[in-house]
Amino acid sequence: MSKITAAITAVGAYVPEYVLTNQILETMVDTNDEWITTRTGIKERRILKEEGKGTSFLATKAAQNLIDKTGLNPEEIDLVIVSTATPDMKAASTAAYTASQIGAKNAFSFDLEAACSSFLFGMSVASSYIESGRYKKVLLIGADKNSSFINYEDRATCIIFGDGGGAVLFEPNEEGMGLQDEYLRSDGIGREFLRAKYGGSSYPITKEALENGEHYVFQDGKTVFKNAVFNMADVAVKILERNNLTKDDVAWLVAHQANKRIIDATANRIDLEAEKVMMNIEKFGNTTSATLPLLLNDYETQLKKGDKLIFAAFGGGFTWGSIYLKWAYNS
Ligand code: UT7
């Protein structure tokens with residue numbers, strides 16, 4: 001019997017309608033379009049404005065898009081994972097709510113949090129359930145409503161982040177498609193450099209913390225940047241070497257969209273042509289857990305069965321890694 005691998009068999013996505021452009025940001029903080037474009041590659045990002053709607057709204061819409069595109073019966077889904085750094089609420093599972101919203105009545109569900117690596121790590125978890133033979137349909141959703149944790153008076157963060165969601169379905173494959181190898185890492189030293197300090201269990205929210213904006217995301221951009229460039233490039237090289245792949249074997253680099261300069265540095269390190277680098281940061285900014293599925297959704301029609309994809313991500317924690325996956329279908 002041939003070995004069961006875990007393949008992505010469908011993709012869906014959703015971004016909110018409201019577009020926050022660099023020009024609008026110029027009216028909010030001391031910044032300008034030229035600085036943002038040259039330093040990050042971002043032109044605009046989407047923001048979920050409607051009151052009372054959280055990450056589950058983005059996750060549900062993305063999953064529903066996948067269901068509508070494929071005709072998947074939600075009752076056949078075994079497991080729903082919502083990768084997110086911005087759950088709807090403390091204590092209540094965002095995935096449980098999302099699964100119910102899409103009618104995945106026979107599924108169990110849970111959230112997975114690893115900052116900007118949440119979706120990448122989710123790929124590993126979803127694949128393991130499929131490879132073990134335990135489940136047949138695992139829906140992995142990456143969604144974040146970053147705008148709920150951003151201080152729109154802090155130009156170091158508000159120019160980068162946006163809201164969005166993306167979903168993929170993992171199913172068993174007997175042709176050797178899907179996830180081939182992974183190299184995943186974390187280092188807790190990073191939490192000083194990218195975090196929202198108040199509002200968690202170490203520092204429950206206080207009146208003073210709220211007044212000082214210490215519940216918002218803080219980032220030491222330079223330190224995060226340096227670590228992201230080094231580590232994302234490093235893991236991409238490792239995964240290529242380990243699988244005897246040359247740059248000519250690689251069809252696409254699917255890299256977390258945090259800063260175009262970080263993505264370019266990773267591509268340069270593996271000597272990959274710009275045409276093989278998926279990029280949509282200019283439209284959406286950094287959507288944390290949603291960047292990778294949003295890329296897959298944008299490039300889905302260009303992907304061919306057997307294409308070798310190298311995923312890479314880096315995020316808070318620190319967390320980072322790379323995955324080598326063979327694309328399983330022509331759309
Ligand atoms: O997804 C999770 C991981 N996150 C990341 O990967 C983000 C990593 N970091 C970055 O992408 C970059 O560090 C930033 C985009 C956040 C900042 O870019 P940078 O090139 O590292 O800028 P910087 O912080 O070193 O600042 C350079 C200059 C400073 O001015 P001086 O001191 O040189 O006069 C800043 O005050 O640019 C100034 N500056 C700005 N100017 C206009 C900082 N932010 C802005 C701004 N608009 N928004």
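Here the spin labels are modelled as points 7 Å beyond Cα on the Cα-Cβ line, and at Gln302 and Ser202 they lie 4.0 nm apart.
Mind jotting down the distance between the C-alpha centroids of region 75-133 and region 5-47, whole Å? Cα centroid of region 5-47 versus Cα centroid of region 75-133: 24 Å apart. Summarising the label geometry, the points placed 7 Å from Cα in the beta-carbon direction at Asp154 and Tyr329 lie 4.1 nm from one another. Below 27 Å, Cα to Cα, which lysines can Lys304 reach? Residues fewer than 8 away in the same chain don't count. Qualifying lysines at Cα under 27 Å: Lys3, Lys61, Lys69, Lys136, Lys137, Lys238, Lys247, Lys260, Lys276, Lys283, Lys326. In this label model, Ile24 and Lys105 are separated by 4.0 nm, measuring between points 7 Å along each Cα→Cβ vector.
In terms of packing, defined here as the mean over residues of other Cβ atoms within 10 angstrom, the peptides 23-34, 191-202, 148-159, 61-72 line up highest first as 61-72, 148-159, 191-202, 23-34. With neighbours defined as other Cβ atoms within 10 Å of a residue's Cβ, the residues Phe119, Phe318 order from fewest to most as Phe318, Phe119.
Bear in mind that the values in this text are calculations on the coordinates, not laboratory data. Model, not experiment: these values are computed from the prediction. FYI the Cβ positions are ideal-geometry reconstructions off the backbone, even for glycines, and counts take in every protein chain you see.
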